[in-house]
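Reading through the structure tokens given below for one structure.
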Amino acid sequence: MSALKIKKGSSKHSAYNLRPNFSDVQETHTLAVLVENEPGVLARVIGLFSGRGYNIDSLTVAEVDREGHLSRITIVTTGTPQVIEQIKAQLGRIVPVHDVHDLTVEGRSVERELALIKVSGSGDKRVEALRLADIFRAHVVDSTLESFVFQITGTPDKIDAFADLMRPLGLLEVARTGVAALSRGT
């Protein structure tokens, strides 16, 4: 027997310590922020992100309560768990913010986005674009002899997949609304 004994787990280079450093893991979160519907509120919220170098993957804003003068801002952002917590805390400190919900951690939610996708093409490419649109439940909202404009709703992943399939068929232009999200019922 060797005089050298190694304790299990004592080495930082052990096969038992191969877990990633969780402080470096990037997560995508959907935040729903209820705010006063007044001039400058969106600029303050966006200023928080730009001033600290946080990225916004998707942003939608709309009035949700006309009588109460409230709007809902839905933000999809990516960061480490610590950064996400910091964003939520800082959003909550902005004066016209009423409520901040992290739909990603609060339970199941429904996320949808709308996109308009313009595709050119003729012959077989045109037929293939229409076939794929049918599979993805996209609707033709404009048609000329040279192009189609499709309307598609669904998750961001579904819209990405549809756009990726349209690229070789003549994708010309994409316009997206950004994610709208609500927590699911109990």
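Before moving on, here are some points about what is shown:
- Ranking of PHE136, PHE150 by count of other Cβ atoms within 10 Å, fewest first: PHE136, PHE150
- Close amide H contacts of SER109 (hydrogens built in the peptide plane, cut-off under 5 Å, sequence separation of 5 or more or a different chain): ARG184.
- On Cα atoms only, tilt of 156-170 relative to the major axis of the chain in degrees: 50
- Near LYS125: Cβ cut-off under 13 Å, other residues only, Lys/Arg at +1 and Asp/Glu at -1. The net charge is 0.
- A simple rule links phi to the HN-Hα coupling: the Karplus curve 6.51 cos²θ - 1.76 cosθ + 1.60 with θ = phi - 60°, which for the range 137-153 gives 6, 8, 10, 7, 10, 7, 9, 10, 5, 9, 7, 10, 10, 9, 10, 9, 10 Hz, with x for Gly and Pro.
Quick note: the coordinates plus some simple rules give every number you see, no bench work behind them. The model shown is predicted, which means the values in this text are computed figures rather than measured ones. Note that each Cβ is placed from the backbone with ideal geometry, even for glycine, and that neighbours are counted across all protein chains shown.
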